[in-house]
Amino acid sequence: MPFSCGKMKTERVIMEKITLNCVVVDESDIPTVDMFISEYALMELGDCEVSLKSVTPDEAAEKTDSNDLTALIMRHSDLITLETVKKAATSLSKKNLMGLWILRMEGQKDFKMSCPMCGQKLWVRDSDVNKRGRCPNCKKAFNLPAQCKQVRGLLSMDETQPVCTVFEQSKISLESAVRELLSSVGADFDHLNDSSDNLDDSIYNKATVQVEIQEEE
Ligand SMILES: [Zn+2]
């Protein structure tokens, strides 16, 4: 059932108060997200009054109010980060509607992902999405995905579940992410699969390298 906003059974129009718990997956992003969120702590969107709160994954797991929404905030989509996202998501109350927000610096046009074959962390430019990329570590080629699509795939989320890019200091991108969460059914992380079991742990400690682009003939 879609999350409905403002459908009160009283005759007066009453603002529906919603708390949006923002869960920052990577601790190093907490100060940035806290500052950003405190600037726009209260948002009025249609009939909804949304208060944004930054909470830890543990705090979010304890919340049971079914009127709360949860946004998981991540930045890079390498396998370690995605494992942390899965852990945070599965510990949350199933009642809480969820969305996934990908944080980017203002104007940032690239992202970090892991090579699907060997796990090597790779920098991928948005402008190279849909091109054929080659991992400098294992030399294998693969189609470069858009970050949202890659995250959806690895977290087994379908198209109805909100994955939004939020640019630091951009109120517009934050507002549209909140709107999308309000109108969505929320993410269901029930059927997560562990994709990284067979990877060599040492790959996680390697530095991120730029993906190679294969020129078309
Ligand atoms: Zn590789």
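The values are calculated or read from the model by the stated rules, or taken from the named source; none is laboratory data. Because the structure is a prediction, the values reported are computed rather than measured. Here the Cβ positions follow ideal geometry from the backbone for every residue, glycine too, while neighbour counts run over all protein chains shown.
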Out of curiosity, is ASN96 polar (S, T, N, Q), away from the ligand (no atom under 16 Å from the Cβ) and modelled with pLDDT of 90 or more? no
Being of a type in the set (A, V, I, L, M) and surrounded by fewer than 15 Cβ atoms within 10 Å (Cβ to Cβ) is the filter; apply it to the range 103-123 and report the residue that is nearest to the ligand (Cβ to nearest atom). MET117
Take the residues in the range 22-42 that are touching a Leu at 6+ places or on another chain (Cβ under 7 Å) and part of a strand (DSSP E or B), then tell me which one is farthest from THR84 (Cα to Cα). CYS22
In contact with a Cys (Cβ under 9 Å, 6 or more places away or on another chain), at pLDDT below 90 and among the small types (Gly, Ala, Ser): which single residue out of SER173, SER202, SER183, SER196 fits that description? SER183
Does the range 114-132 contain any residue that is within 27 Å of GLN214 (Cβ to Cβ) and without any contact (Cβ under 8 Å) to a residue 12 or more places away in the chain? no
Pick from the range 133-172 the residues that are basic (Lys, Arg) and touching a residue at least 12 places away in the same chain (Cβ under 8 Å): which of them is nearest to the ligand (Cβ to nearest atom)? LYS140
